[in-house]
Ligand code: GLU
């Protein structure tokens, strides 16, 4: 099966070089129209699509008359502030003829790396995808500082793919994949179609075939960093040539690309991360009914909780134990320890009355629970 037509949830990263017409400095509406048709086809197959789009700085430069100047960070931030709305307008205009509504999401690195923040961001993206909306993500350039910015959208796209459990990340590039050397300089350069392990040798190829065009920020090296982040999250990465009318359609028709294949699924990677990489900050002791439900793949509701141990925050990993002290699994708590204590034994419909707010009916959602073997 073609990876592109078989993926359930796809993140496509579109760089500034594709989005901005270099001669006029304006949004490349013709390219966007072609890509929108691609997007419509993907969605008509029942696949979910999230777009990570650069272009704010490049579009804003022109609007602010900063065309030729080399921009410092505040200059880039000012340009991004002016350009982001042009960028979104261009996406809305391109997607609207296909009946696709676009929604802007601006993220900082913390939103994808600090757990309680990405749980929030993830919930928003899930809601949008559930509503059939196309999220268009960019870095929140106007507020980030040099130390905390991604700076390139390749890595941002990989983090977003990880956050939402995507199974395919497509990086549209100015080159149709990874080569053993720079094909524009070395006629002996060979194209690599599949990578199953990003070794030092693969890294060395990327250094040699840096595909930086000077418009965007990422070259082949950052694409490999992105592919590595995605692979660890169980997500495949595809690098393909973007500057044609229908870049996804071209790959469906057999155009060249490089595919980085992960060794596990997004769900397995996520659960392995919860079970193995996070230090549990507390424990929930559950009754027999809840133990049976959890082992059958259900979520943990507060009603089944008998005791709360430790002082965990919302989003922290906690151990779930039965009343005999056996570990059932580990999961991410949707309420902190103090609130969990207040709602232990309480029906989900009464959470709001008990706390004055609700963060949903589950204390640990089944998706965030890794069962012990
Ligand atoms: N966030 C930047 C922008 O929208 C682009 C970063 C990148 O080129 O990867 O202009």
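The values are calculated or read from the model by the stated rules, or taken from the named source; none is laboratory data. Here the structure is a predicted model, which means the values were calculated and not measured. Here Cβ is always computed from backbone atoms with ideal geometry, including for glycine, and neighbour counts include all displayed protein chains.
Residue count for the stretch 137-149, restricted to those that are within 15 Å of the ligand (Cβ to nearest atom) and surrounded by fewer than 22 Cβ atoms within 10 Å (Cβ to Cβ): 8. Number of residues in the stretch 276-292 that are modelled with pLDDT of 90 or more and in a helix (DSSP H, G or I) equals 5. Out of all the residues in the stretch 44-52, is one or more within 11 Å of the ligand (Cβ to nearest atom) and crowded, with 18+ Cβ neighbours inside 10 Å? The answer is yes; a qualifying residue exists.
The residues of the stretch 327-366 that are in a helix (DSSP H, G or I) and in contact (Cβ under 8 Å) with a residue 40 or more places away in the chain, listed by number, are 337, 340, 343, 348, 351, 366.
When you scan the stretch 176-199, do you find a residue that is within 16 Å of the ligand (Cβ to nearest atom), in contact (Cβ under 8 Å) with a residue 12 or more places away in the chain, assigned to a loop (DSSP other than H, G, I, E, B) and touching a strand residue (DSSP E or B) at 6+ places or on another chain (Cβ under 8 Å), even just one? Within the stretch 176-199, not a single residue is within 16 Å of the ligand (Cβ to nearest atom), in contact (Cβ under 8 Å) with a residue 12 or more places away in the chain, assigned to a loop (DSSP other than H, G, I, E, B) and touching a strand residue (DSSP E or B) at 6+ places or on another chain (Cβ under 8 Å). When residue 169 is tested against (1) buried (at least 16 other Cβ atoms within 10 Å of the Cβ); (2) away from the ligand (no atom under 16 Å from the Cβ); (3) closer than 19 Å to residue 263 by Cα, only condition (2) is not met. If you go through the stretch 61-77 and pick out every residue that is within 13 Å of the ligand (Cβ to nearest atom) and either closer than 18 Å to residue 133 by Cβ or in contact (Cβ under 8 Å) with a residue 24 or more places away in the chain (or both), you end up with 5. Looking across 82, 96, 58, 103, one residue alone is within 12 Å of the ligand (Cβ to nearest atom), surrounded by fewer than 21 Cβ atoms within 10 Å (Cβ to Cβ) and either touching a residue at least 60 places away in the same chain (Cβ under 8 Å) or in the same structural domain as residue 135 (by TED's automatic domain parsing) (or both). It is 82. When the stretch 214-242 is limited to residues that are within 15 Å of the ligand (Cβ to nearest atom) and under 18 Å from residue 20 (Cα atoms), the one that is modelled with the highest pLDDT turns out to be 242. Of all residues in the stretch 255-278, none that is outside the structural domain of residue 197 (by TED's automatic domain parsing) and at positive phi has its Cβ atom under 6 Å from the Cβ atom of a residue that is part of a loop (DSSP other than H, G, I, E, B) and at pLDDT below 90, 6 or more apart or on another chain. For the subset of the stretch 1-30 comprising residues that are in contact with a strand residue (DSSP E or B) (Cβ under 9 Å, 6 or more places away or on another chain) and more than 16 Å from the ligand (Cβ to nearest atom), which member is nearest to residue 251 (Cα to Cα)? The extreme case among them is 4.
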